[in-house]
Amino acid sequence: MHASRSGFTLLELTVVLMVIVVLAAMTFPALTGTQGEYRVQAAADTVKGAWASARTYAMEHGRAYRFAIVPGKGNYRIAPDSPTYWSGGGSPSGEEGELATIVEATLPTGCLFSPPETLVDSSSITDDSSLPLEGVSPESWVTLAVFLPDGTAREDAQILVQARAARAILLELRSLTGAVTARPFKGENR
């Protein structure tokens, strides 16, 4: 008479392991495929927040604030709209010795800015799409919007935010109201 064994054979363990590997392989593309969509949405939310902050700084400080980007990269900068803040000479003091608010930041990893007329091939976007914050030269910044102390902007602005394997999002700033809209870009970018 055989004593009953509690346990599994090596064959049973191998079959279960193979089933787990197959299921993981089937779900992995679904999980990573949406990652780009989440990144580009986070980038759009970041820009909307940055524009709201720049508008608020302009109203609170009583002077124009500039929002600038590095095209084809994920870097952006907010500072007073004065040559002294954009010439690379450090952080000058504002009127009456008050320090101005200066923000230098990047979009989420793997996201970048591009003008609506020059869509970047999303398959060429890499995770290192931003320059190091201390490595951006003053000439690299391109002004996208200037917010005035009355809460308006000098002119309307449009910019695309893109990520690998995701539809670009077009952000539009209305100069008169400071309102921002975000919508999927209708161009081909996959």
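The values are calculated or read from the model by the stated rules, or taken from the named source; none is laboratory data. From a predicted model like this one, the values you see are computed outputs, not experimental measurements. A quick note on method: Cβ atoms are made from the backbone with ideal geometry, for glycine too, and the neighbour counts reach across all protein chains shown.
If only one of 144, 133 is under 22 Å from residue 80 (Cβ atoms), surrounded by fewer than 18 Cβ atoms within 10 Å (Cβ to Cβ) and out of contact with any Gly (no Cβ under 9 Å at 6 or more places or on another chain), which one is it? Before the answer, list the steps.
Working: 144 fails: surrounded by fewer than 18 Cβ atoms within 10 Å (Cβ to Cβ).
Exactly one residue qualifies, and that residue is 133.
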Condition first: over 17 Å from the mean Cα position of the chain (by Cα), of a type outside the set (D, E, K, R) and surrounded by fewer than 20 Cβ atoms within 10 Å (Cβ to Cβ). Now tell me which residues in the range 147-167 satisfy that.
148, 149, 151, 152
Over the range 103-142, the set of residues at pLDDT below 80 and among the aliphatic types (A, V, I, L, M) is 119, 120, 125
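Please go through the range 168-179 and pick out each residue that is crowded, with 19+ Cβ neighbours inside 10 Å and within 15 Å of the chain's Cα centre (by Cα). Please lay out each step first, then the result.
Our first condition is that a residue be crowded, with 19+ Cβ neighbours inside 10 Å; within the range 168-179, this holds for 168-169, 171, 173, 178.
168, 169, 171, listed by residue number.
For (1) surrounded by 21 or more Cβ atoms within 10 Å (Cβ to Cβ); (2) outside any loop (DSSP other than H, G, I, E, B), each residue gets a yes or a no:
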site: 38; (1), (2): no, yes
site: 48; (1), (2): no, yes
site: 51; (1), (2): yes, yes
site: 58; (1), (2): yes, yes
site: 84; (1), (2): no, yes
site: 88; (1), (2): no, no
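Considering every residue within the range 73-85, establish whether at least one is among the hydrophobic types (A, V, I, L, M, F, W, C), within 21 Å of residue 106 (Cα to Cα) and at pLDDT 90 or above. Walk me through it before giving the result.
Here is the first cut: in the range 73-85, the residues among the hydrophobic types (A, V, I, L, M, F, W, C) are 78-79.
From the residues that got through so far, the ones that are within 21 Å of residue 106 (Cα to Cα) too are 78-79.
Next, from what is left, pick out any that are at pLDDT 90 or above: 78-79.
Checked against the condition, which is being among the hydrophobic types (A, V, I, L, M, F, W, C), within 21 Å of residue 106 (Cα to Cα) and at pLDDT 90 or above, the range 73-85 yields at least one hit.
Starting from residues that are part of a loop (DSSP other than H, G, I, E, B) and of a type outside the set (A, V, I, L, M, F, W, C), keep the ones in the range 60-76 and report whichever is farthest from residue 137 (Cα to Cα).
Step one: filter the range 60-76 for residues part of a loop (DSSP other than H, G, I, E, B), giving 62-64, 70-74.
From the residues that got through so far, the ones that are of a type outside the set (A, V, I, L, M, F, W, C) too are 62-63, 71-74.
On the way: 62: 27, 63: 24, 71: 13, 72: 15, 73: 13, 74: 14 Å.
Only one residue tops the list, namely 62.
Residue by residue, here is whether (1) within 19 Å of residue 49 (Cα to Cα); (2) without any contact (Cβ under 8 Å) to a residue 12 or more places away in the chain; (3) assigned to a loop (DSSP other than H, G, I, E, B) holds:
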| site | (1), (2), (3) |
| --- | --- |
| 127 | no, no, yes |
| 144 | yes, no, no |
| 151 | yes, no, yes |
| 160 | yes, no, no |
| 167 | no, no, yes |
| 170 | yes, no, no |
| 175 | yes, no, yes |
| 178 | yes, no, yes |
| 182 | yes, no, no |
